[in-house]
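Structure, as structure tokens:
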Amino acid sequence: MSKAGAYGSTGGGDTDFRKTWDREEMAVKAKEREAKEREEAKERYEAKAAGKTYRRRASTPEDLRQTEARSERIDWSKMVGKQTLTSAAAAVGKRGKGAGAYCAACDLTFKDNIQYIEHLNSKQHLVATGQSGEVKRATLEEVRERLRYLKRKADEAKRDEVVDVDARLALGREKMEAEAEERRRKRNEKRRAKKKGDDNAMQWTGVGANGVIA
Amino acid sequence: MSKPTYDRADASALLDDRGYSGALIRGQNPALLFEKGVRERITESYYWKEQCFGLNAATLCDRAVELKFIGGTSGITGRPTPFLCLAFKMLQLVPEKGIVLEMLNFRGDEDEDGEDAGEADGKIETNREGDDQKNGSANGDADAKKRDLNAEGKLGTFKYLRCLAAFYIRLAWEPVAIYNTLEPLLTDYRKIKRRLKENFSLTYVDQFIDDLLTKDRICATSLWKLPPRSQLEDLDLLEPRESPLGDEIDMLDEEDERERAAARQGSESESESQQKL
């Protein structure tokens with residue numbers, strides 16, 4: 001590289017503070033920029049030819065994902081019989097956590113399911129959750145695969161289905177007993193917590209992400 | 001211009017008053033194939049908002065196989081059925097021909113014959129069957145009777161998905177294609193449930209297809225005027241249809257004629273005898 005200086009140091013010694021440029025990297029950068037400019041000029045030209053004003057497209061966020069169909073129905077019955085912690089201020093308006101369906105991404109509360117679902121489909125929510133609001137178009141192959149999968153699922157469900165009445169009744173009874181057992185367990189837990197004297201402590205532990213006390 | 005590889009998740013672009021720039025059906029916005037009132041009720045319905053948001057042709061199949069009945073609107077308020085909502089979604093997506101045909105003629109048990117072979121003959125089978133119906137009577141009984149997959153219920157495993165695809169085809173395709181694709185379905189005799197204004201009624205796939213081809217209003221939709229079959233036959237766009245009953249129809253006709261002739265003769269002889277008296 002450079003010769004040794006008079007005092008044995010490399011370089012000028014007094015020029016170490018200067019920025020050293022990586023020529024190759026900068027060349028790549030310049031090429032990229034030129035390509036981008038050329039592309040923009042082309043788009044500008046095309047827009048002009050079509051009689052439109054050119055507007056540069058806003059940059060797309062890196063983590064933007066395409067909107068997908070809901071994979072399951074929204075279950076409203078799970079909110080029945082639940083207690084919710086709300087602040088007194090949240091009683092008015094949608095802002096903040098309140099009683100009703102709460103959207104954590106947008107920090108809004110909705111009083112009924114129609115409002116809530118409309119919000120989930122709205123631009124505001126899509127932007128807040130990083131979705132594009134666009135759905136990928138399916139190809140024939142994808143549709144075929146999907147139908148095969150659905151057929152297989154239907155077949156499996158059919159195989160597991162019990163036709164015998166007695167067996168069905170027994171299955172139903174088992175299910176009901178399991179549910180009753182679960183309820184009993186919860187009740188006992190509650191009672192034990194109350195016996196300890198700190199009845200608030202029990203309530204506060206089970207607060208979920210959306211303010212619902214389990 | 002290349003086709004975009006994405007669709008809007010909701011119908012906002014489809015229903016935009018300022019202009020629509022998507023795929024057209026017979027030169028107009030596909031949404032206009034539904035009546036305005038029905039369109040509004042669909043986009044206001046909970047099923048549309050929850051279940052039809054962000055669907056593409058593949059995920060639409062998920063919803064369609066869960067259908068339990070067909071129908072238009074029900075109740076005093078004219079609530080649209082899920083069937084109608086999904087049909088509207090299809091009008092928004094305007095899936096390509098192959099996809100619609102796959103929905104219509106999906107054959108579930110083709111894996112039994114072997115994966116590769118099954119895939120290939122799915123289409124061949126349908127073609128052959130079309131031919132079969134055309135020259136069925138020409139070959140007569142001498143030819144071993146070819147299998148009619150529609151009558152066996154082998155094609156279109158999910159019958160409501162099949163009805164949905166057929167409904168879409170009737171709305172969106174060209175007359176000749178409609179007759180050619182839907183007529184083979186007239187031998188599909190499976191039962192389907194149909195939602196009426198107040199109640200349900202039982203009908204059959206072939207009945208539904210026949211309604212699609214002959215009636216001008218079904219499922220809360222006034223269907224666009226399809227040129228009658230005879231007209232297309234005169235223009236040599238369609239071959240005359242051979243009934244799956246084949247020769248039986250002729251035989252029935254002959255029988256009728258004979259009976260009528262016999263009745264005429266009988267009445268004549270009676271009148272003669274009366275004159276004699």
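Remarks
- From the list A:Ala50, A:Ala30, the lone residue that is free of Cβ contacts under 8 Å to residues at least 24 places away in the same chain, within 14 Å of another protein chain (Cβ to nearest Cβ) and hydrophobic (A, V, I, L, M, F, W, C) is A:Ala50.
- Selection within the stretch A:108-120 - of a type in the set (Asp, Glu) and more than 10 Å from chain B (Cβ to nearest Cβ): A:Asp112
- First in the stretch B:197-222 and over 18 Å from B:Tyr160 (Cα atoms), second anywhere and among the hydroxyl-bearing types (Ser, Thr, Tyr) and exposed (fewer than 15 other Cβ atoms within 10 Å of the Cβ), Cβ under 9 Å, 6 or more apart: B:Asp216/B:Ser222
- Selection from the stretch A:121-147 of residues that are under 14 Å from the mean Cα position of the chain (by Cα) and either within 8 Å of chain B (Cβ to nearest Cβ) or more than 25 Å from A:Thr86 (Cα to Cα) (or both): A:Asn121, A:Leu126, A:Val127, A:Gly130, A:Gln131, A:Ser132, A:Gly133
- So A:Ala128, is it surrounded by 14 or more Cβ atoms within 10 Å (Cβ to Cβ) and of a type outside the set (Lys, Arg): yes
- A count restricted to the stretch A:105-120 and to residues that are assigned to a loop (DSSP other than H, G, I, E, B) and within 18 Å of A:Gln83 (Cβ to Cβ) stands at 1.
- Which listed residue, of A:Gly172, A:Gly93, is loosely packed, with under 11 Cβ neighbours inside 10 Å and not in a helix (DSSP H, G or I): A:Gly93
- Of all residues making up the stretch B:80-101, the number that are assigned to a loop (DSSP other than H, G, I, E, B) and in contact with a strand residue (DSSP E or B) (Cβ under 6 Å, 6 or more places away or on another chain): 1
- Those residues of the stretch A:149-161 which are more than 28 Å from the chain's Cα centre (by Cα) and either surrounded by 12 or more Cβ atoms within 10 Å (Cβ to Cβ) or at the interface with another protein chain (Cβ under 9 Å from one of its Cβ atoms) (or both), in sequence order: A:Lys151, A:Arg152, A:Ala154, A:Asp155
- Annotation note: of B:Leu226, B:Leu237, B:Leu252, B:Leu232, the sole residue that is under 24 Å from B:Tyr168 (Cα atoms) and part of a helix (DSSP H, G or I) is B:Leu232.
Read the figures in this text as sums done on the coordinates, not as results from a lab. All figures in this text were calculated on a predicted structure; none of them were measured in a lab. Every residue, glycine among them, receives a Cβ derived from its backbone with ideal geometry; neighbour counts consider all protein chains shown.
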